[in-house]
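Encoded as structure tokens, the structure appears first; notes follow it.
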Amino acid sequence: CTSADVLPPCVVLLVPLPPTPRRVAFACAMSSSSAVADSAGMTTGTNLSFSASCSQAWESAGVSMSDPLVQQQALEGATLRAAAAFVAYPIDVLKTQVQAGHPRYCNLRAAPKIVADYKMSIFRGYPGVGANSFLMGALMFGGYRFFDNFWRLQGISDYWRPALAGASIGGLCGLAATPLEQVKTVMALQESWLKEGKIKERIFKSVPHGAMSGGLRLQLYAAVPLMCRTALFDSQLFFYNSRLREYLAKEGHNYSENTRLFLGTFGFMLAGLLGATINYPFDLIKGRMMGEAYMATQGQVPKSTMFGTFARVVRDNGLTGLFRGLPTRSALHALVWCVVGVGREACERSGIRDGAKARSAAKGHDQKLSA
């Protein structure tokens, strides 16, 4: 489980920008094109160039990121992701072994075995996940807002834009997460390799050691399947969550506070589980490639590609082989999403955000929860 997979919903603030001549002209163009689109029953984009769209999108995102409430929730999100990843990390290590095909650690029932065998060594690779949590938090902090604004300028409707923006930032997050995820995978597997005599000493003594000595050939060996996985996951997650929030905003008054808490927390968790199930074949291929990456880059086994690994799994185990280890990943995500979801609600109910909300309101920002 990478930190890119544990993303609490973003807060998108609709912040009025100063009326410079360029923005006035842009607003006029948007009003005109919107009128045409409404009469035609379709959404159209603007005539802005790619560079102008990027500039406008980043400018809007920059103002949003300066808001105290956005900053508060970004810090909360990164902290909750790191805490959830720590709680679930033994299951994450087990998932890595299941995907690598280890005969002893072959399913979710092997969790007590791996904890007993690894003891505290099971947490050796956690700092990589913790660091990735804050790295992904920083990327999501501005990245989602940038892509949301960018695709808005291209005329993408409010309904589909969370999915497209989520896929865009998810792919970038997957690439950025790959090096530390690879280090974490080697550190998860090397404990069993030591016991089985496949290696004489630990390959990476710590996450910083792996990050500095691993080399880009090893660290980016499985970048493509991880980028595909995170892009698909974040696309679904932001889309599902935006639909859930729309429903609660419209119908929430019909439910009790406890029911809204249940729907908000467990609906969020179920959205993550559904997304994790659909993209699991990419997670399996990522796990297989990261499991062989060290041996492959050392010339001990043949190198493989994402499509070659897909073909090999299907040839050896059929299509069902693409879902080997799914229960382990589902348990991992259920635990992660429970921690993140409950943590979000605790932050909201404890008053931690009150100061940030007051500072945001003082700036005259209009708060609208989206995605």
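The values are calculated or read from the model by the stated rules, or taken from the named source; none is laboratory data. Values in this document were obtained by computation on a predicted structure and should not be read as measured data. FYI the Cβ positions are ideal-geometry reconstructions off the backbone, even for glycines, and counts take in every protein chain you see. Quick note on the areas: whole protein, heavy atoms, side chains included, nothing else; ligands and nucleic acids left out. Shrake-Rupley method; radii C 1.70, N 1.55, O 1.52, S 1.80 Å.
List of remarks:
- The residue of the range 298-330 that is modelled with the lowest pLDDT, among those that are under 29 Å from L216 (Cβ atoms), open to solvent by less than 30 Å² (accessible area, probe 1.4 Å) and not small (G, A, S), is R329.
- The set of residues from the range 221-249 being modelled with pLDDT of 95 or more and open to solvent by 50 Å² or more (accessible area, probe 1.4 Å) comprises V224, M227.
- Inter-residue pairs, beta-carbon under 9 Å, first acidic (D, E) and in the range 238-259, second surrounded by 16 or more Cβ atoms within 10 Å (Cβ to Cβ), 6+ apart: E246/S370
- Any hit, the range 67-86, residues being touching a Ser or Thr at 6+ places or on another chain (Cβ under 9 Å), among the acidic types (D, E) and either crowded, with 17+ Cβ neighbours inside 10 Å or at pLDDT 90 or above (or both): yes
- Among the conditions (1) touching a Ser or Thr at 6+ places or on another chain (Cβ under 8 Å); (2) farther than 18 Å from T79 by Cβ; (3) of a type outside the set (V, I, T); (4) at pLDDT below 80, the only one that G341 does not satisfy is (2).
- Within the range 312-333, the residues that satisfy the criterion of being within 20 Å of D92 (Cβ to Cβ) and part of a helix (DSSP H, G or I) are L322, F323, L326, P327, T328, R329, S330, A331, L332, H333.
- Residue match in the range 137-144 (condition: of a type in the set (S, T, Y) and either surrounded by 20 or more Cβ atoms within 10 Å (Cβ to Cβ) or in contact with a Phe, Trp or Tyr (Cβ under 7 Å, 6 or more places away or on another chain) (or both)): yes
- Pairs are defined by a Cβ separation below 7 Å, a sequence spacing of at least 6 or placement on different chains, a first member in the range 145-166 that is of a type in the set (V, I, T), and a second member that is buried (at least 18 other Cβ atoms within 10 Å of the Cβ) and outside any loop (DSSP other than H, G, I, E, B); the pairs so defined are I156/L164.
- The number of residues in the range 162-206 that are within 30 Å of L237 (Cα to Cα) and not hydrophobic (A, V, I, L, M, F, W, C) comes to 12.
- When G197 is tested against the conditions (1) surrounded by fewer than 17 Cβ atoms within 10 Å (Cβ to Cβ); (2) touching a residue at least 60 places away in the same chain (Cβ under 8 Å), the lone failure is (2).
- Where V336 falls short, out of the listed (1) outside any helix (DSSP H, G or I); (2) open to solvent by less than 10 Å² (accessible area, probe 1.4 Å); (3) of a type in the set (A, V, I, L, M): (1)
- Considering each residue of the range 36-43 in turn, none proves to be part of a helix (DSSP H, G or I), closer than 19 Å to G170 by Cα and either at pLDDT below 50 or under 24 Å from the mean Cα position of the chain (by Cα) (or both).
- If you check R152, R109 for being at pLDDT 90 or above, of a type in the set (D, E, K, R) and within 30 Å of A61 (Cα to Cα), only one passes: R152.
- Of the residues making up the range 101-110, those that are among the hydrophobic types (A, V, I, L, M, F, W, C) and open to solvent by less than 50 Å² (accessible area, probe 1.4 Å) number 1.
- Any hit, the range 176-185, residues being more than 17 Å from the chain's Cα centre (by Cα), open to solvent by less than 20 Å² (accessible area, probe 1.4 Å) and within 17 Å of R229 (Cβ to Cβ): yes
- Residue match in the range 257-276 (condition: of a type outside the set (A, V, I, L, M), in contact with a helix residue (DSSP H, G or I) (Cβ under 8 Å, 6 or more places away or on another chain) and outside any helix (DSSP H, G or I)): no
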